[in-house]
Amino acid sequence: MKFLKFRRYLDFGSRHSSFNERNQLIASGIGKERSWILDVGSNIGQTSNFLASNGHFVVGVEKFEKEHKIACARSVPGTAFMRTSVTPEFIHSTVNWDAILLLSVLHRIYSFEGEEFMRSVLKACGEKANQLFIEGSTRQARYMSGGHPAPKFTDFDTQDAGRWHQELFQSELGHNWQVSDVRVLAHSKSEPHRLFFHARKTTG
Ligand SMILES: C[S@@+](CC[C@H](N)C(=O)[O-])C[C@H]1O[C@@H](n2cnc3c(N)ncnc32)[C@H](O)[C@@H]1O
């Protein structure tokens, strides 16, 4: 039997060299008006807590118990943390959100559940939010630890990975969405760059 190795990312924030910059990009993209935000794959809750400290209400959803427990212990007013594995059905069953965060989580969902499942989660998020903040990986191995085939972009090529992400958004979010900001963020030794996208719904 093939041995599948899923890496765990307890305290993901400390491994990401642009973590604070990314938080600032999200805060300025959302704006000052109090918003309701769903943070998919909230890990130990750092970005949820940061946005709540900026006056927003944030629900963080995390698959794993250890990460979820730490998030609960560190939660600040304005946050709520839930432990569940996000599925398209879960997203469809929620209320509508001003913004959904999919930060460094679509490739995790791809690696656990496959590309089609990840696409369905993204599509469902597009139906339930006015804005999406997405961080995508440029390293194929991040998508493949569950034994799924590589995504169709050139490994570590930020431009080609950007094209793949833009095609993904077009096919799953459709014409009512526009990507208003794209950034290449410094990330780590093993993956020098990540891609950050801010997408907005253009019509109701
Ligand atoms: C690489 S970390 C990123 C954490 C955080 N979103 C960030 O960017 O700072 C991915 C997190 O998503 C969680 N995760 C993966 N698949 C998930 C799912 N289907 N539902 C909820 N959480 C998930 C993982 O357990 C992990 O804590």
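In a fully extended conformation the segment linking Gln178 and Lys123 would gain 18.4 nm over its present Cα-Cα distance, using 0.36 nm per residue. Ordering of 93-99, 57-63 by packing is 57-63, 93-99, highest average first (other Cβ atoms within 10 Å, averaged per residue). Taking every full run of DSSP H in the chain, none both stretches at least 27 Å from end to end by Cα along its long axis and averages 0.0 or higher on the Kyte-Doolittle scale. How would you classify the stretch 102-204 from its alpha-carbon gyration tensor, with a ≥ b ≥ c the square roots of the eigenvalues: rounded for a/c under 1.5, else prolate if a/b is greater than b/c, otherwise oblate? It is oblate, given that a/c is not under 1.5 and a/b is not larger than b/c. Taking the Cα centre of the chain as reference, the dipole from Cβ charges on Lys and Arg (+1) and Asp and Glu (-1) amounts to some 460 debye. Pairs of Lys residues in the stretch 13-201, spaced 8 or more positions apart or belonging to different chains, with C-alpha separations under 28 angstrom: 17 in total. Using C-alpha pairs below 8 Å separated by at least 6 residues, the relative contact order for the stretch 13-201 is 19 percent.
Only beta bridges with both residues in the stretch 13-201 are counted; by DSSP, about 45 percent of them are antiparallel.
Just so you know, all these numbers are worked out from the coordinates, no wet-lab data involved. All values derive from a computational prediction rather than experimental measurement. Here Cβ is always computed from backbone atoms with ideal geometry, including for glycine, and neighbour counts include all displayed protein chains.
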